[in-house]
Every structure is written in structure tokens, then in C-alpha cells.
1. When you scan region 7-17, do you find a residue that is surrounded by 11 or more Cβ atoms within 10 Å (Cβ to Cβ) and in a helix (DSSP H, G or I), even just one?
2. Mind checking which residues of region 109-126 are touching a strand residue (DSSP E or B) at 6+ places or on another chain (Cβ under 9 Å) and open to solvent by 20 Å² or more (accessible area, probe 1.4 Å)?
3. Restricting region 127-146 to residues that are of a type outside the set (D, E, K, R) and more than 20 Å from His166 (Cβ to Cβ), which is surrounded by the fewest Cβ atoms within 10 Å (Cβ to Cβ)?
4. When both residues are 6+ apart or on different chains and their Cβ atoms are under 8 Å apart, which pairs have a first residue that lies in region 55-66 and is hydroxyl-bearing (Ser, Thr, Tyr), and a second that is in a helix (DSSP H, G or I)?
5. Of the conditions (1) open to solvent by less than 50 Å² (accessible area, probe 1.4 Å); (2) out of contact with any strand residue (DSSP E or B) (no Cβ under 6 Å at 6 or more places or on another chain); (3) under 28 Å from Asp157 (Cβ atoms), Val201 satisfies every one except a single condition; which number is it?
6. Name the residue, out of Phe41, Phe25, that is surrounded by 16 or more Cβ atoms within 10 Å (Cβ to Cβ) and in contact with a helix residue (DSSP H, G or I) (Cβ under 8 Å, 6 or more places away or on another chain).
7. How many of the residues in region 27-82 are in a helix (DSSP H, G or I), under 30 Å from Asp239 (Cα atoms) and in contact with a Leu (Cβ under 9 Å, 6 or more places away or on another chain)?
8. With the structure loaded, tell me whether Glu219 is at pLDDT 95 or above, under 15 Å from Val125 (Cβ atoms) and of a type outside the set (A, V, I, L, M) or whether it fails that test.
Amino acid sequence: MSATAVFLDVDIGDADAFAQASAAFTATNTFYDGIKSTYGFPDNMGDLTVEQKETFVDAFSSNPANADKECVCVAPESLRAGRLEIDLFAADAPKGCENFVALTTGEKGIGKIGKKPLHLRGNRVHRIKRGFMVQAGDITRGDGSGGESIFGKTFKDEKGGLKRKHDGAGVLAYANSGKNSNSSQFFITFAAQPSLDGKYVVIGQVREDGVKNVLPLIEATAPADGSDGAPTACVSISDCGRL
């Protein structure tokens, strides 16, 4: 395994709605580029005056080609919460790190068991608890009941990873359903969790910037009542790979 660090780009919000809004904005902007010289509009749609915007919206709406389209003059706000850069403990858990790296790149293709891509890109958080941790990586079912590793459905614990401590925020470890049941599911701590030591294979640590600036945004989506469950907003991995 050549990579000792990986990244996860995290989005917070409705990815499907964002994609639809982005497509509508692109279509509107394309139409604008086609008529701006005719109407004497500025080069950029964002520079329209109030009066010019009203004229443009009328032109857009009255064009038969736009009968089923929405006029969106402002680009949707990015969903990007930030990037988690993670240093991996390859010396302690080489197999676990090899699995995680491959899941970030998607290089292993389709899983033999779940028949789903062995790739974390597009995966969504399914479990989160304030002050505890955030869990994701169910690449087969998406609800915490599935998962698959690059070695098969699961693979065995590694002693070096079990010896690592959950000693602060940003610790990356495999979620499991008991001994030797590691797959693609993982969790990242929001604070030290000594009660987890020796039970879960720790494979990495989120770098300081991610701990300070990204994890708090993710934690803010946890249920306000302190319960352990699904996030209140969609939290997804929009991109991932080697650093």
C-alpha cells in the first residue's frame, strides 16, 4: 500500500436538490449567454439590474424551449462542509488501511457479495451522536446493516489497531458487530472514547484542520436531544481518495 494518508470531502445538505438546482442554473445561464448581446445585457448574469432581470425572466419564460424549465439566476450555495485529511496507521493495521485506501479510490470495482461499488464516494452518514461519533461506510445498504470490504464481506481484527486508543477527536476506526467483523463501515470520534479501546480497530487520525473546522459542522447535524440516530441533514462523502 503506497498511501499513508487519504481525504474525505464532506457535503452537508440535500445532494439531489443541489444537483437539480445546479442543472437549472446552468440551463438558465446558457440561455442568458445566447441572448445577452441582443438585449444589451452585461456579460455576467449576476450583474443584471433589477429592471434587466425582470426583462430577462420574461424572455426566459416566454421562450417555448423553456416551458418545463425553472429560471434560476443565482447559483445554489455549495454544500461543501470541508475536507477531512486522515493520516493512516499502516504499520499497526496494514490490512485495515489497505482496505480503507481502496474504498476511497474505488480501485477494486464492484463487490462480489453486495454487487455494489467498493467506493465511499457518494456514501452517506447513517448514524451520529453528539459528543460521541459519526458513522458511515455502509456501501451496500446505506442504513448500517450492510457493508463489504475489498477482501470479502468482512476481515479479521489486527492487534496493532486494537491497541490504538480512542484518545481524542478525529480518531478513525472500523465499526463492527463483534470480533473479526470489519467491513467498509467506519466511525470518527468527536471526543476521547476510552470505553471503545480494545474493541474496535483504529486505523487513522483526522488532521487538526478537519478536527477543528469540519467535524464540528458534522456534529451539528446530530439529533439535538442527544439521541443516537440519523443526522438531521444529509451528510455525504462527495469525493475521496489518496493524498
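1. If we filter region 7-17 for residues that are surrounded by 11 or more Cβ atoms within 10 Å (Cβ to Cβ), which is where we start, we get 7-15, 17.
Checking which are in a helix (DSSP H, G or I) leaves us with 15, 17.
Within region 7-17 (the criterion being surrounded by 11 or more Cβ atoms within 10 Å (Cβ to Cβ) and in a helix (DSSP H, G or I)), the answer is yes, since at least one residue qualifies.
2. Gly109, Ile110, Lys112, Ile113, Lys116, Pro117, His119, Arg121, Gly122, Arg124, Val125, His126
3. Taking region 127-146 and keeping what is of a type outside the set (D, E, K, R), we get 128, 131-137, 139-140, 142, 144-146.
Imposing the further condition that a residue be more than 20 Å from His166 (Cβ to Cβ) reduces the set to 139-140, 142, 145-146.
Numbers: Ile139: 24, Thr140: 20, Gly142: 17, Ser145: 11, Gly146: 19.
Step by step, filter region 127-146, then rank; the result is Ser145.
4. Every condition considered, the pairs that remain are Thr55/Tyr39.
5. Only one criterion in (1) open to solvent by less than 50 Å² (accessible area, probe 1.4 Å); (2) out of contact with any strand residue (DSSP E or B) (no Cβ under 6 Å at 6 or more places or on another chain); (3) under 28 Å from Asp157 (Cβ atoms) is unmet by Val201, namely (2).
6. Exactly one of Phe41, Phe25 is surrounded by 16 or more Cβ atoms within 10 Å (Cβ to Cβ) and in contact with a helix residue (DSSP H, G or I) (Cβ under 8 Å, 6 or more places away or on another chain), namely Phe41.
7. 0
8. Values: at pLDDT 95 or above: yes; under 15 Å from Val125 (Cβ atoms): yes; of a type outside the set (A, V, I, L, M): yes.
When the stated conditions are applied, Glu219 passes them.
The values are calculated or read from the model by the stated rules, or taken from the named source; none is laboratory data. Keep in mind that this is a model prediction, so the values were computed, not measured. Virtual Cβ from ideal backbone geometry, glycine too; neighbours counted across all protein chains shown. Keep in mind that these areas ignore ligands, DNA and RNA; they rest on the heavy atoms of the full protein, side chains included. Shrake-Rupley method; radii C 1.70, N 1.55, O 1.52, S 1.80 Å.
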